[in-house]
Every structure is written in structure tokens, then in C-alpha cells.
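Colleague: Below you will find the structure I want to go over with you.
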Amino acid sequence: MVLADFLIATGAVLGFISLFKNVLTFARWLYTAFLRKPKDLRDYGSWAIVTGATDGIRKALVFELASKGLNLMLVGRNPSKLEATSRELWDRFGATTEVKTVVTDLVKLSGEEIAAAIAGAMEGIDVGLLVNNAGMAYLPKYFHEVDRELTESMLRVNVNAAVWATKGVIDGMLKRKRGAILNMGSGSAMYISSFPLLTLYASTKAFLTTFSKSISLEYEGQGIDIQCQAPFFIATKMTMMKRRYLFIPSAEIFSRASVRWIGYDRVCNPYWSHSVQAFMACTLDTITVWGLECYAKWVRDRERSRR
Ligand SMILES: NC(=O)c1ccc[n+]([C@@H]2O[C@H](COP(=O)([O-])OP(=O)(O)OC[C@H]3O[C@@H](n4cnc5c(N)ncnc54)[C@H](OP(=O)(O)O)[C@@H]3O)[C@@H](O)[C@H]2O)c1
């Protein structure tokens, strides 16, 4: 009887602790997703550099950053798209936002050249934020079907460019003892254990996650906040998806959430419904991986039958 009472009491205490922990986790999630005050990004410096700012998520993000009072250096490969983005920024914000552009094809430049281009363009301006956003993906296929040129380009744009752009800004940030770097990872690498048929893409994003987590610890005592955002699907050219209200935000909606998180957690999933997806994906990992593999095979076969 005594033993039974003891077991019941222990179970109740453990149940209470577990419930309390879950309530705390949920409360923290509510706070960070909806209530936490965003950082004033101007405290890092008055300029932001954004790679891949001519389309998709970061095109929306540059408007969001401009609305927070930052000047922008846009890095892209297409001069006419850069020009069009600058013009749109001028139409919306006028002379209150200064804009510079750097034409750089991240596939064609070596790492040293990317770092030099960024460091050169930064001379004389107070760069507080670097957003390593430029990225490439491909339609699902087996690794041997990803041709050599695409393999090289993926590694250069998704991995090389982020590492070397970081090299380009880090010395200046260290001197000024302030700065923030945002790397664009993916939920496919952070919350799902594997992503067959998108192996190379997910692996480049896994690199960025580990890179960000580790380097952020190296510099956190020196006023530099480094973060990897790991979202799920967003409606952009890359995903060829249309916005679905709950689970697939538009680039604009995602960017608003993205800016609110800059400077906080080392790895995060800024859009609230993506974090719900992350929770489900982690809890049901085996089923998620199986479902994604089936979906990826279906997309691959559909594309092949169209050719
Ligand atoms: N969309 C999603 O669901 C999703 C989810 C998770 C993570 N992400 C990540 O978020 C980032 C942005 O994705 P997105 O959906 O906005 O993609 P997107 O619409 O295809 O835009 C990608 C940007 O990268 C630029 N870029 C590509 N190759 C380049 C190169 N060689 N040199 C210079 N710039 C280059 C593109 O320039 P152009 O305008 O010249 O093409 C464009 O501005 C990527 O890193 C992606 O992996 C996206």
C-alpha cells in the first residue's frame, strides 16, 4: 500500500513537472512569436547588406528593413533587377533610404573575390547587418541526376557565398563591436532528419545551420549577433507555390516575421505556423521523411513525364 502511494505520488509530481515544462515552453513560444519587441536594427549600424535581394523573400525583406530606417546595399547578379528594386525603394521611401547596388554573380566569383567585393563596397559606410540570403534549389531528383554544373553552382551560392561574405564583414563588425548576420537556412535541414531527392539542397542548408550556431558563440561576447533562420515553404519563385493562408506565407508576411527575430535566437523559425510545422515534423520524423520522399518522387516523375 505504502509502495503504491509512493508510486502514485511520484507519478503525480513527474506529471506536474512535465506539464509545467510544456506550459512554460508554450508561453515562451507565444511570447517570442507574437509579443517580443523587435530589436532596433539601427543600433547595429545604419546600413544593411542583402545578397539575393532581387526576388522572393529578401526582395520583400529589403522593403521591411527600409521601413525600419536602414540604408541598403543590394547584392545581385542581374543589373536590371537591381535597378528595378532600387527604383521601387525610391518610389516608396524617397531620399530617406540610401541604396547602393553591387552586381555580383555569386557562381562566377571565387570566395576571395566575394569577400573583397563586399569589403570594398562597405568602405566608408556603417554596415550593421549582413543578410546572406542568395540561394538556389532544384526540382527533386536523385543525387546522380544533379548535373555537375548545378552541383558546383549550388555549393558556390548556398555555402561559399555566405562564408565569404561573412569574411568580408566580420573584421569591420569586430572593430566597431556591433553587428548582426542573418543566414538563410531551411526547415528541411533543421527540423527534418533527412530530405531524400533534395539531398544537396538540404545539406547546404545544414552547413549554414551549423556554421551559424558555432560562429555565433565565437562572437556573442563581442556585440555581434549571428542567426540562422530555418523556415518551411514560402510562396516564391523558388518553390513555385502560391500562398496558402495557414502554412505557406507570402514573402511579405514571412519577411515581417523574419525582421522581428533578427538578433535573437541562434537558430529560429520566425513565422508562427512554420514553428507549428517544425514541432509536428520533429515529433513525427519518420512519417515526415517518408511523406516528403513520396512527394519528391511524385514531383520528379511528373517533371520527367512532361519532358
Ligand atoms: N522559398 C522557400 O520556401 C524557402 C524556404 C526555406 C529557405 N529558403 C531560402 O531562402 C532564400 C531565398 O529563397 P527565395 O524563395 O526567396 O528564392 P528566390 O525567389 O529564387 O530568390 C533567390 C535570390 O537569390 C539570388 N541568386 C540566385 N543565384 C544567384 C547568384 N548566382 N548570384 C547572385 N544572386 C543569386 C536570386 O537572384 P535573381 O533575382 O537574379 O534570380 C534571388 O534574388 C534561399 O537561400 C532559400 O534557400 C526559401
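Colleague: Cβ-Cβ under 6 Å, sequence separation 6+ or interchain: first residue in the range 63-76 and over 16 Å from Thr166 (Cα atoms), partner part of a strand (DSSP E or B). Which pairs?
Modeller: Leu65/Ala48; Leu70/Ala48; Asn71/Trp47; Leu72/Ala48; Leu72/Val99
Colleague: Scan the range 210-221 and give yes if some residue there is modelled with pLDDT under 95, away from the ligand (no atom under 15 Å from the Cβ) and either touching a helix residue (DSSP H, G or I) at 6+ places or on another chain (Cβ under 9 Å) or not hydroxyl-bearing (Ser, Thr, Tyr) (or both), otherwise no.
Modeller: Pass one, the range 210-221, residues modelled with pLDDT under 95: 220-221.
With the extra rule that they be away from the ligand (no atom under 15 Å from the Cβ), the set shrinks to 220-221.
Filter once more, keeping what is either touching a helix residue (DSSP H, G or I) at 6+ places or on another chain (Cβ under 9 Å) or not hydroxyl-bearing (Ser, Thr, Tyr) (or both): 220-221.
Within the range 210-221, one or more residues are modelled with pLDDT under 95, away from the ligand (no atom under 15 Å from the Cβ) and either touching a helix residue (DSSP H, G or I) at 6+ places or on another chain (Cβ under 9 Å) or not hydroxyl-bearing (Ser, Thr, Tyr) (or both).
Colleague: Which residues, counting only those in the range 37-81, are under 17 Å from Gln229 (Cα atoms), of a type in the set (D, E, K, R) and either over 19 Å from the mean Cα position of the chain (by Cα) or in a helix (DSSP H, G or I) (or both)?
Modeller: Selection gives Arg58, Lys59, Glu64.
Colleague: Could you tell me how many of the residues in the range 250-307 are under 15 Å from the mean Cα position of the chain (by Cα), of a type in the set (A, V, I, L, M) and more than 17 Å from Tyr31 (Cα to Cα)?
Modeller: Going through the range 250-307 one residue at a time, the tally reaches 3.
Colleague: Moving on. Scan the range 1-32 for residues that are hydroxyl-bearing (Ser, Thr, Tyr) and closer than 30 Å to Ala257 by Cβ and jot them down.
Modeller: Correct list: Ser18, Thr25, Tyr31, Thr32.
Colleague: Sticking with this structure for a sec: Output the qualifying pairs, or none if there are none: Cβ atoms under 8 angstrom, residues six or more apart or on different chains, first residue in the range 1-21 and touching a residue at least 24 places away in the same chain (Cβ under 8 Å), second residue outside any helix (DSSP H, G or I).
Modeller: Pairs found: none.
Colleague: Within the range 117-138, is there a residue that is more than 24 Å from Cys268 (Cα to Cα), of a type in the set (Asp, Glu) and touching a residue at least 60 places away in the same chain (Cβ under 8 Å)?
Modeller: Yes, the range 117-138 contains a residue that is more than 24 Å from Cys268 (Cα to Cα), of a type in the set (Asp, Glu) and touching a residue at least 60 places away in the same chain (Cβ under 8 Å).
Colleague: Okay, next question. Looking at Thr199, Thr151, which is the one that is among the β-branched types (Val, Ile, Thr), within 16 Å of the ligand (Cβ to nearest atom), over 20 Å from the mean Cα position of the chain (by Cα) and surrounded by fewer than 22 Cβ atoms within 10 Å (Cβ to Cβ)?
Modeller: Step by step, each of Thr199, Thr151 is checked, and only Thr151 is among the β-branched types (Val, Ile, Thr), within 16 Å of the ligand (Cβ to nearest atom), over 20 Å from the mean Cα position of the chain (by Cα) and surrounded by fewer than 22 Cβ atoms within 10 Å (Cβ to Cβ).
Colleague: Now for a separate question. Of all residues being closer than 10 Å to Ile57 by Cα and in contact (Cβ under 8 Å) with a residue 40 or more places away in the chain in the range 224-237, which is surrounded by the fewest Cβ atoms within 10 Å (Cβ to Cβ)? Just the residue, please.
Modeller: Lys237
Colleague: Further, regarding this structure: Quick check on my filter: what residues within the range 69-107 are more than 15 Å from the ligand (Cβ to nearest atom), surrounded by 15 or more Cβ atoms within 10 Å (Cβ to Cβ) and of a type in the set (Lys, Arg)?
Modeller: Lys100, the sole residue that qualifies.
Colleague: Looking for whichever is within 15 Å of the ligand (Cβ to nearest atom) and under 30 Å from Ser186 (Cα atoms) here; the options are Gly111, Gly120. Which one fits?
Modeller: On the way: Gly120 fails: within 15 Å of the ligand (Cβ to nearest atom).
On inspection, the qualifying residue turns out to be Gly111.
The values are calculated or read from the model by the stated rules, or taken from the named source; none is laboratory data. The shown structure was predicted, so the numbers you read here are calculated from the model rather than taken from an experiment. Note that each Cβ is placed from the backbone with ideal geometry, even for glycine, and that neighbours are counted across all protein chains shown.
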